[in-house]
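Shown next, in structure tokens, is the structure this report addresses.
The values are calculated or read from the model by the stated rules, or taken from the named source; none is laboratory data. Given the structure is predicted, the values throughout are model-derived calculations rather than measurements. Here the Cβ positions follow ideal geometry from the backbone for every residue, glycine too, while neighbour counts run over all protein chains shown. Heavy atoms of the whole protein, side chains included, go into the accessibility calculation; ligands, DNA and RNA do not. Shrake-Rupley method; radii C 1.70, N 1.55, O 1.52, S 1.80 Å.
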Amino acid sequence: FSSDKRGVVIHIAVDEGQPYTVSALAIETLEAEGAQGEPRPAAPIFPEAELLALCDLEPGARFEQAALERDRGALRDHYGDRGYLSHPSLPPGLAWDFLEPRLVFDVEHQTVAVTYRVVQGRRLKLHEILFAGSQHTRDRVLRRELSVFPGEYADLEEINRSLARIQATGYFRDDLNRL
């Protein structure tokens with residue numbers, strides 16, 4: 001405690017132990033079983049080698065949560081650019097998802113085998129694009145900012161670019177900013 005008893009200093013000793021090294025990295029592709037069921041194995045949509053090439057984590061590298069999160073984003077973007085979207089509004093059978101990885105630790109050798117578990121979802125096409133809330137702006141003015149169109153496979157990167165261009169017009173804003 002401080003001399004005036006108004007504050008306290010706490011020292012916490014943290015022993016992180018020795019860092020673990022990745023012994024193996026694999027990707028398991030799954031499909032959603034249903035709302036309550038466990039996902040089941042599915043044939044990969046993309047070759048495992050293609051997906052592993054996107055990952056920062058690799059055998060021999062130090063196992064770090066930050067690398068795992070970067071890999072999650074890289075895989076989400078790879079699938080999302082090809083019509084396999086991850087969004088809370090999508091039901092489990094349609095949405096892409098990155099489940100908790102399977103980690104097998106070897107305490108003796110300080111290594112961990114990592115298996116990413118990816119629910120691939122379904123490839124989605126855009127059915128229609130609707131604008132709501134624009135009372136003064138003509139539909140065609142907003143549509144000219146789009147680079148995605150009905151009938152095309154959903155491309156999350158292009159959808160986000162289109163939304164950014166629409167928001168940049170300054171005509172209106174989306175307070176929910178759902179994507």
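In segment 116-135, which residue that is assigned to a loop (DSSP other than H, G, I, E, B), in contact with a Phe, Trp or Tyr (Cβ under 8 Å, 6 or more places away or on another chain) and not basic (Lys, Arg) is nearest to Gly17 (Cα to Cα)? Here the residue is Gln120. For Leu68, the conditions (1) touching a Leu at 6+ places or on another chain (Cβ under 7 Å); (2) open to solvent by 50 Å² or more (accessible area, probe 1.4 Å) are fulfilled apart from (2).
Report yes if Arg62 is open to solvent by 50 Å² or more (accessible area, probe 1.4 Å), within 17 Å of the chain's Cα centre (by Cα) and modelled with pLDDT of 95 or more, otherwise no.
On the way: open to solvent by 50 Å² or more (accessible area, probe 1.4 Å): yes; within 17 Å of the chain's Cα centre (by Cα): no; modelled with pLDDT of 95 or more: yes.
Answer is no for this residue.
Screening Trp96 on (1) in contact (Cβ under 8 Å) with a residue 40 or more places away in the chain; (2) open to solvent by less than 60 Å² (accessible area, probe 1.4 Å); (3) of a type outside the set (Val, Ile, Thr); (4) closer than 15 Å to Asp155 by Cα shows it passes everything except condition (1).
For segment 97-115: of the residues being of a type in the set (D, E, K, R) and in a strand (DSSP E or B), which is nearest to Ile27 (Cα to Cα)? Break it down stepwise before answering.
Residues of segment 97-115 of a type in the set (D, E, K, R): 97, 100, 102, 106, 108.
Now drop any that are not in a strand (DSSP E or B), which leaves 97, 100, 102, 106.
Numbers: Asp97: 13, Glu100: 12, Arg102: 10, Asp106: 19 Å.
If we take residues in segment 97-115 being of a type in the set (D, E, K, R) and in a strand (DSSP E or B), then Arg102 is nearest to Ile27 (Cα to Cα).
Considering each of Arg117, Arg102 in turn, give the residue that is modelled with pLDDT of 95 or more, open to solvent by less than 70 Å² (accessible area, probe 1.4 Å) and of a type in the set (D, E, K, R). Walk me through how you get there before you give the answer.
On the way: Arg102 fails: open to solvent by less than 70 Å² (accessible area, probe 1.4 Å).
Checking each option against the conditions leaves just Arg117.
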